[in-house]
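Down below is the structure, laid out as structure tokens.
The values are calculated or read from the model by the stated rules, or taken from the named source; none is laboratory data. Keep in mind the model is a prediction, meaning the values are calculated, not measured. Neighbour counts are summed over all protein chains in view; Cβ atoms, including those assigned to glycine, are modelled from backbone coordinates with ideal geometry.
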Amino acid sequence: MPEKILCIEDEALLLEDIVEELQDAGYLTLKASNGKEAIEILKYETVDLILCDIMMPVIDGPTTLKLVRERLPQHNEVPFIFLTAKSTREDILLGKKMGVDDYLTKPIDYDLLLATIKARLEQVNRIRETNEAKLKRIYHALRENHSAEPLSVALVANSHKFVLPIEQALQDLGCLVEFVHEEHLAVRKDTVEKNDLVFLFYSKIVHYYLNGLINTRATHGRGKMILLCKDNVDHNLREALLELGIGKTIDYPFPPVAIFKTILEATQNKI
């Protein structure tokens, strides 16, 4: 699937030029004319890279970077590149201290822009693949050293297609995986009792099910629950899940590293 890039630029003609160049290069694009619009987009969209002008009205580039890093942790690994007409040493040092990944100066050299984007995306993919490979090796080593039985995992959602990528990753690790439709959750008490882990995609049905457990403080068997959620999950529900000891939450886009870490934790608790 093509990578998606968010372009933040207050000059309308320049923004359109950047978007056109990126689309011609095969990227998907989102656009915003200032940091406020960008933050609203990032609450609901997943992107692979952010291009951001520094001098903008409403919310400028440095403030946008600060807000993304502090308030939108699901985008922590997303490369952030400043577009700027100012490239003094002080400006660059300030941006680096704030966590910006790169600088491109205006007027934009589009060949350099595309080369920089390609390099940054490849770097992120290498790091992600390396981390996933390390976690897989640790998991398999734990199982071999302790002769542990494979983990049994249930995936609860309103459609099987939503969980296919996670199901494949879990099967690659050697887990025993079953899919349970969310409509059967209330009558499938064994879903939690017989499985080591239960991943639940947040929905109204899942919300009411978990609220029922929280309100009655019902026993939930041996399984740990992991809520896969987007920004529309009620904050109080998240906190209640943690306090009750039911499990944890993983935010969209459910990075494989977070899934693998959860599997490792469960394996270490089991052996």
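Within the range 231-254, being of a type outside the set (A, V, I, L, M, F, W, C), touching a helix residue (DSSP H, G or I) at 6+ places or on another chain (Cβ under 9 Å) and modelled with pLDDT under 75 holds for ASP231, ASN232, ASP234, GLU243, GLY247, TYR252, PRO253. GLU21: part of a helix (DSSP H, G or I) and under 19 Å from THR84 (Cβ atoms), yes or no? Yes; evaluated as a whole, the condition is true for this residue.
Results for (1) touching a His at 6+ places or on another chain (Cβ under 7 Å); (2) in a strand (DSSP E or B); (3) among the polar types (S, T, N, Q); (4) more than 14 Å from LEU227 (Cβ to Cβ), shown as yes or no for each residue.
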site	(1), (2), (3), (4)
GLU167	no, no, no, yes
LEU170	no, no, no, yes
PHE179	yes, yes, no, yes
ALA186	no, no, no, yes
PHE199	no, yes, no, no
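Of all the criteria given as (1) buried (at least 17 other Cβ atoms within 10 Å of the Cβ); (2) modelled with pLDDT under 70, the one not satisfied by ARG222 is (1). When the test is whether a residue is in a helix (DSSP H, G or I) and either within 27 Å of TYR252 (Cβ to Cβ) or at pLDDT below 90 (or both), VAL78 does not pass it. Note on the range 193-214: residues that are β-branched (Val, Ile, Thr) and within 20 Å of SER152 (Cβ to Cβ) amount to 2. Counting the residues of the range 31-50 that are among the aliphatic types (A, V, I, L, M), outside any helix (DSSP H, G or I) and either at pLDDT below 95 or under 16 Å from the mean Cα position of the chain (by Cα) (or both) gives 3. In the set ILE127, ILE92, ILE138, ILE117, only one residue is at pLDDT 90 or above and not charged (D, E, K, R); that residue is ILE117. Could you grab me the full set of residues in the range 22-53 that are touching a residue at least 60 places away in the same chain (Cβ under 8 Å) and surrounded by fewer than 17 Cβ atoms within 10 Å (Cβ to Cβ)? Result: ALA25, LYS43, TYR44, THR46.
The residues of the range 189-201 that are modelled with pLDDT of 80 or more, of a type outside the set (D, E, K, R) and touching a helix residue (DSSP H, G or I) at 6+ places or on another chain (Cβ under 9 Å), listed by number, are LEU197, VAL198, PHE199, LEU200, PHE201.
Taken over the range 249-266, the criterion of being part of a loop (DSSP other than H, G, I, E, B) and out of contact with any Pro (no Cβ under 9 Å at 6 or more places or on another chain) is satisfied by TYR252, PRO253, PRO255.
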